[in-house]
Amino acid sequence: MAGVLCNGVLWAYVLWRVRPNMDPAVLHYTIYFGIDRVGEWWQIYFLPFSGLIIIGMNAMCANVLRREPMISVVLFATALVSQIILGLAVFVLL
């Protein structure tokens, strides 16, 4: 549930900060080269959407492997960690 909550916060933050416009949006930033990927404003939504896919895939795998509870815990912990990493990426970009 924590991963789903983090993804919901991520969606809310992106919806709050991103406005449709014609200016290019920064999609990737490195400390060595600066901005190295720009694109359309709607492409920023791929980050929270990829988090949603990660949660879905991990939930499906945990359902298939429900006889092994430790694997389910690891899958859900991985989904939570990925949401935190995606949240940091969105925070830095916006």
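The values are calculated or read from the model by the stated rules, or taken from the named source; none is laboratory data. The shown structure was predicted, so the numbers you read here are calculated from the model rather than taken from an experiment. No Cβ is skipped: glycine too gets one built from the backbone with ideal geometry, and neighbour counts run over all protein chains shown.
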Looking at (1) surrounded by 12 or more Cβ atoms within 10 Å (Cβ to Cβ); (2) more than 16 Å from the chain's Cα centre (by Cα), can you tell me which one residue 14 breaks? (2)
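For region 17-29, indicate whether the set of residues that are basic (Lys, Arg), touching a Ser or Thr at 6+ places or on another chain (Cβ under 8 Å), on the phi < 0 side of the Ramachandran plot and part of a loop (DSSP other than H, G, I, E, B) is non-empty.
no
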Among the residues listed as 75, 94, the single one being hydrophobic (A, V, I, L, M, F, W, C) and surrounded by 17 or more Cβ atoms within 10 Å (Cβ to Cβ): 75
Of the residues in region 76-94, those that are at pLDDT 90 or above and out of contact with any Phe, Trp or Tyr (no Cβ under 9 Å at 6 or more places or on another chain) number 11
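Yes or no, residue by residue, for (1) in a helix (DSSP H, G or I); (2) loosely packed, with under 11 Cβ neighbours inside 10 Å:
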{"residue": "35", "(1), (2)": "no, no"}
{"residue": "44", "(1), (2)": "yes, no"}
{"residue": "61", "(1), (2)": "yes, no"}
{"residue": "70", "(1), (2)": "yes, yes"}
Conditions first: (1) modelled with pLDDT of 90 or more; (2) out of contact with any helix residue (DSSP H, G or I) (no Cβ under 7 Å at 6 or more places or on another chain). Residue 47 passes all but one, so which condition is the exception? (2)
Residues of region 46-59 satisfying the condition of being more than 10 Å from the chain's Cα centre (by Cα), surrounded by 13 or more Cβ atoms within 10 Å (Cβ to Cβ) and within 18 Å of residue 87 (Cβ to Cβ): 58
